[in-house]
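Note sheet for the following structure.
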Amino acid sequence: MHAERFESRWWQTSSLLLAASGEGVLVDPCISLEEDGRIASRADELGLRVTAVLATHADWDHVCGIAAFPEAEAVVGELTAEWLATGEPARAIEESAAAHGLETPGPPRVDRRLAVGVAHQIGPFTVETLALTGHTPDGVAYRVRALDLLAVGDHLSSVEFPFASATADYRATLAALAELLRRDPPRRVVPGHGPEHTAAEALAIAEADLAYLWRLHDAVAGALADGATADDARAVGLAVEPCREAPDGLAEMRARNVDSQLHELLPED
Ligand SMILES: [Zn+2]
């Protein structure tokens, strides 16, 4: 029984191969056709039949490899399935593949939807699921206790700061993850981007990320309380330094976090 992490050359995106009893379960296989092929070869080399493919959320970089494993059951959380059904992620895969000159295996499919918050039998594993909203509304963490491993999608990365679609949700998720890491720590924590962590390392990242989101909250809320306009409060938010650097899209993602923080505090109309 074992688990290994693969890293894409794009954004250090993580894929996992979980193996037991001659069966393989993949988490977020990605990103290019060639990289999916490397994961498939490794499964072959280990004598594994890949019976399930899981996705942590519907962002294109996490679901673009599902189609490379047509024989496996494609398993996602209910909200991820709903978002995939809109066709948006398939469009995002096409656009991003064109923009980055990537060959991808095709649109993602869903064979099985998971209720989130309870355990499921997936391939040879009992897999616990935990809703992680904040980066996207559909994020799901997968915990495989037999492997002492927790996959957390786009949270707890050492190579990105938080990218929040909803700041209040993101803070609640980080607080819940920190609590879990203190009280019931897994040995390995695998984020969607960048290297895996020990529980202690993951906890330090959760605390730093949470401190950043609270700094952002307090700066914007403070400005508004002092009578700032939305534009002035946005400028105050933009001056808040994230907890770590990210390789690409830093300015855009910082601005998105500030807009999300403003939406938490101010009606849009
Ligand atoms: Zn991602």
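The values are calculated or read from the model by the stated rules, or taken from the named source; none is laboratory data. Not measured: the values here are computed from a predicted model. With ideal geometry, Cβ positions are generated from the backbone for all residues, glycine too; neighbour counts draw on all protein chains shown.
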Anything in the stretch 178-237 that is within 30 Å of residue 268 (Cα to Cα) and within 16 Å of the ligand (Cβ to nearest atom)? List them, or say none. 209
So residue 113, is it surrounded by 15 or more Cβ atoms within 10 Å (Cβ to Cβ), within 16 Å of the chain's Cα centre (by Cα) and part of a strand (DSSP E or B): no
Among residues belonging to the stretch 1-41 that are modelled with pLDDT under 95 and aliphatic (A, V, I, L, M), point out the one that is nearest to residue 126 (Cα to Cα). 1
Matching residues in the stretch 132-147 - criterion: being at negative phi and either modelled with pLDDT under 95 or more than 12 Å from the ligand (Cβ to nearest atom) (or both): 132, 133, 137, 138, 140, 141, 142, 143, 144, 145, 146, 147
Let me confirm something: among 137, 124, 185, which residue is assigned by TED's automatic domain parsing to the domain that holds residue 243 and of a type outside the set (Asp, Glu)? 185
Among 150, 174, which is the only one that is away from the ligand (no atom under 16 Å from the Cβ) and in a strand (DSSP E or B)? 150
Positions within the stretch 1-19 being away from the ligand (no atom under 13 Å from the Cβ) and assigned to a strand (DSSP E or B), in sequence order: 2, 3, 4, 5, 6, 16, 17, 18, 19
Please identify the pairs in which a residue from the stretch 85-105 that is touching a residue at least 12 places away in the same chain (Cβ under 8 Å) and assigned to a helix (DSSP H, G or I) has its Cβ atom under 8 Å from the Cβ atom of a residue that is surrounded by fewer than 17 Cβ atoms within 10 Å (Cβ to Cβ) and charged (D, E, K, R), counting only partners at least 6 apart or on another chain. 97/103
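Yes/no matrix, rows are residues, columns are (1) within 16 Å of the ligand (Cβ to nearest atom); (2) basic (Lys, Arg); (3) more than 15 Å from the chain's Cα centre (by Cα); (4) crowded, with 23+ Cβ neighbours inside 10 Å:
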residue	(1), (2), (3), (4)
21	no, no, yes, no
37	no, no, yes, no
44	no, no, yes, no
77	yes, no, no, yes
87	no, no, yes, no
93	yes, no, yes, yes
Residues to consider are 258, 240; find the one that is touching a residue at least 24 places away in the same chain (Cβ under 8 Å), touching a Gly at 6+ places or on another chain (Cβ under 9 Å) and under 23 Å from residue 161 (Cα atoms). 258
Among the residues of the stretch 56-72, write down those that are in contact (Cβ under 8 Å) with a residue 40 or more places away in the chain and either within 14 Å of the ligand (Cβ to nearest atom) or part of a strand (DSSP E or B) (or both). 56, 57, 58, 59, 61, 62, 63, 64, 65
